[in-house]
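This report concerns only the one structure given below.
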Amino acid sequence: MTMRLTTGLLALLLSGCQGSFFANGPAIEASPSVMRWWGHYQVCRTASDPIELRQLVEQFERPMPVGSEPPAWLVRLGDHVSKQPLRLAVNPQALGVACTLRAAQVLAETDHATEAAVLYRRILVRYPDRDWDYYVEEARTGSDRLLASSPAVLARSMTASSSR
């Protein structure tokens, strides 16, 4: 009897939380890969085709992953249990805003001023936090340059895009 009890306790000790009946599913969830966003960003840095740039910006507009929920048994322990934050080596949102800014700059240089203005406006609207000051300032500067070069066309297009 002692041998069975010792073996049982040893097995429980060695398996840890993974072997207990409290675990509901795998302890390590597959973390979202940043390689997809990194690949899009790398293409965005070198692309010059307006259609390809717009498609890349749209890729970054898709929903980003969020942190994982704790196991159900842990949630029952109290209110102090919270969702785990997403930990990635690269911030997909930063890649997205950088790609959007570059796409706007390229579109402005290739006589697609209206589309560039829409992308600059997107940055100004979607990234108002202080964390994104560099990108907002660059977007504001680019937008001002566009308005100075062709104010009538851009003013009309900016009002139409902001009313959508």
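What FRET efficiency comes out for ALA11 versus SER82 if R0 is 25 angstrom and r is the Cβ-Cβ distance? Round to the nearest 0.05.
Step by step, r from the Cβ atoms, then E = 0.20.
List the residues whose amide H sits under 5 Å from the amide H of SER68, counting only those 5 or more places along or on another chain, with H placed 1.01 Å from N in the peptide plane.
Long-range HN contacts for SER68: GLN84.
Just subtract the alpha-carbon distance of THR46 and MET3 from 0.36 nm times their residue separation and send over the number in nm, one decimal.
8.8 nm
Based on the alpha carbons, how large is the Rg to Rh ratio for region 73-137 when Rh follows Kirkwood?
1.27
Figure the gain on full extension for ARG130 and VAL90 (residue separation times 0.36 nm, minus the Cα-Cα span) and round it to one decimal in nm.
12.5 nm
What is the list of residues in region 111-134 whose amide nitrogen lies under 20 Å from a point 7 angstrom out from the Cα of GLN55, following Cα to Cβ?
112, 115-116, 119
Can you work out ³J(HN,Hα) from phi for every residue in region 101-111, in order, using Karplus 6.51 cos²θ - 1.76 cosθ + 1.60 and θ = phi - 60°, giving whole Hz and x for Gly and Pro?
5, 5, 4, 5, 5, 5, 5, 5, 6, 9, 6
May I ask you to derive the FRET efficiency for TRP38 and ASP111 from their Cβ-Cβ distance with R0 = 25 Å, giving the value to the nearest 0.05?
0.25
Given a 1.4 Å probe and every protein chain left where it sits, what share in percent of the accessible area of region 55-147 is carbon and sulfur?
49
The values are calculated or read from the model by the stated rules, or taken from the named source; none is laboratory data. Because the structure is a prediction, the values reported are computed rather than measured. Note that we place each Cβ from the backbone using ideal geometry, even for glycine, and neighbour counts take in every protein chain shown. Just so you know, the surface numbers come from the protein's heavy atoms only, side chains and all, with ligands and any DNA or RNA stripped out. Shrake-Rupley method; radii C 1.70, N 1.55, O 1.52, S 1.80 Å.
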